[in-house]
1. Hey, any idea what % of the chain's accessible area is carbon plus sulfur with a 1.4 Å probe?
2. So how exposed is ILE70, as accessible area in Å² (1.4 Å probe, rounded to 10)?
3. Which ³J(HN,Hα) values in Hz, rounded to whole numbers, follow from the phi angles of region 121-127 under the Karplus curve 6.51 cos²θ - 1.76 cosθ + 1.60, where θ = phi - 60° and Gly and Pro get x?
4. Given a 1.4 Å probe, how much area per residue of region 1-149 is accessible, in Å²?
5. Exactly which chymotrypsin sites (Phe, Trp or Tyr not before Pro) in region 62-150 are in a DSSP loop and have at most 16 other Cβ atoms within 10 Å?
6. Does anyone have the angle between helix 14-26 and the longest principal axis of the chain? Alpha-carbon axes, 0 to 90°, nearest 10?
7. Calculated from the structure, log10 I(q)/I(0) by the Debye sum over Cα atoms at q = 0.11, 0.16 Å⁻¹ equals which of (1) -0.52, -0.96; (2) -0.62, -0.99; (3) -0.69, -1.09?
8. Set the bar at 20 Å for Cα to Cα. Now go through LYS6/LYS58; LYS105/LYS140; LYS21/LYS105; LYS6/LYS45; LYS19/LYS164 and name every pair that lies beyond it.
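The values are calculated or read from the model by the stated rules, or taken from the named source; none is laboratory data. As the structure is a computational prediction, the values presented were derived from the model and not from experiment. In this analysis, Cβ positions are derived from the backbone assuming ideal geometry, glycine residues included, and neighbour counts consider all displayed protein chains. Only protein heavy atoms, including side chains, enter the accessible area calculation; ligands, DNA and RNA are left aside. Shrake-Rupley method; radii C 1.70, N 1.55, O 1.52, S 1.80 Å.
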Amino acid sequence: MTVILKYTFENESEELLSKAKDFFMQNGMDTRPDEGFVYAEKEEKYTADEQDSEHYFKIALQDCWTLAEIIGTGFSLSGVIDTSYTAGECMDFRFDCAGGSIAAKASDWYVETSMDSYESYEDFCEGFFDCTREEYEIIKGCEFVYILETGDGDILSCDVPLYKVDI
């Protein structure tokens, strides 16, 4: 099975952006620089016992620590743990590296859809998520909609909130 780790390295320094791009490329990642950002992604193969969020969150965190060792602090690394090709879910994360430490945030696992895919409330309920008409009225104007898998059950949302994670 396959997991795609997608990274966005953010910094204003061209020198640090170049170092981040080199790090990603040396680690076999597909890399695309842009003004103030470097985008990178890598494919990870996993076995059934590695199919948990902590495993891939730790891989992303280790990449962030390695970047901090190479370029110092004062950057953000955000991204997505994307199992949508096999398991169908994603998790967003963000690491802010400053002053020799890293602050981490992550989302709940979620499934995403484009509202353009559905023509009506009935179509949406049949094709993606069975919700109340009131819930549908709240989200129908969103470009993308997410089913967040929270500890309190599945929640329909127009955004993917990040929560502080102790590392």
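1. Values: 4210 of 9360 Å².
Using a 1.4 Å probe with all protein chains present, the chain comes out at 45 percent carbon and sulfur.
2. That residue has around 80 Å² of solvent-accessible surface.
3. Here the 3J(HN,Hα) series is 4, 4, 4, 4, 5, 6, x Hz.
4. Details: 8000 Å² over 149 residues.
On a per-residue basis, 54 Å².
5. On the way: sites: TRP65, PHE75, TYR85, PHE93, PHE95, TRP109, TYR110, TYR118, TYR121, PHE124, PHE128, PHE129, TYR136, PHE144, TYR146; in loops: TYR85, TYR118, PHE128, PHE129.
In loop regions of region 62-150 (DSSP not H, G, I, E or B), the sparsely surrounded chymotrypsin sites (Phe, Trp or Tyr not before Pro) are TYR85.
6. It is inclined by approximately 80 degrees.
7. So the structure-derived entry is (1).
8. Details: LYS6/LYS58 14 Å; LYS105/LYS140 28 Å; LYS21/LYS105 23 Å; LYS6/LYS45 14 Å; LYS19/LYS164 27 Å.
Long pairs (Cα-Cα over 20 Å): LYS105/LYS140; LYS21/LYS105; LYS19/LYS164.
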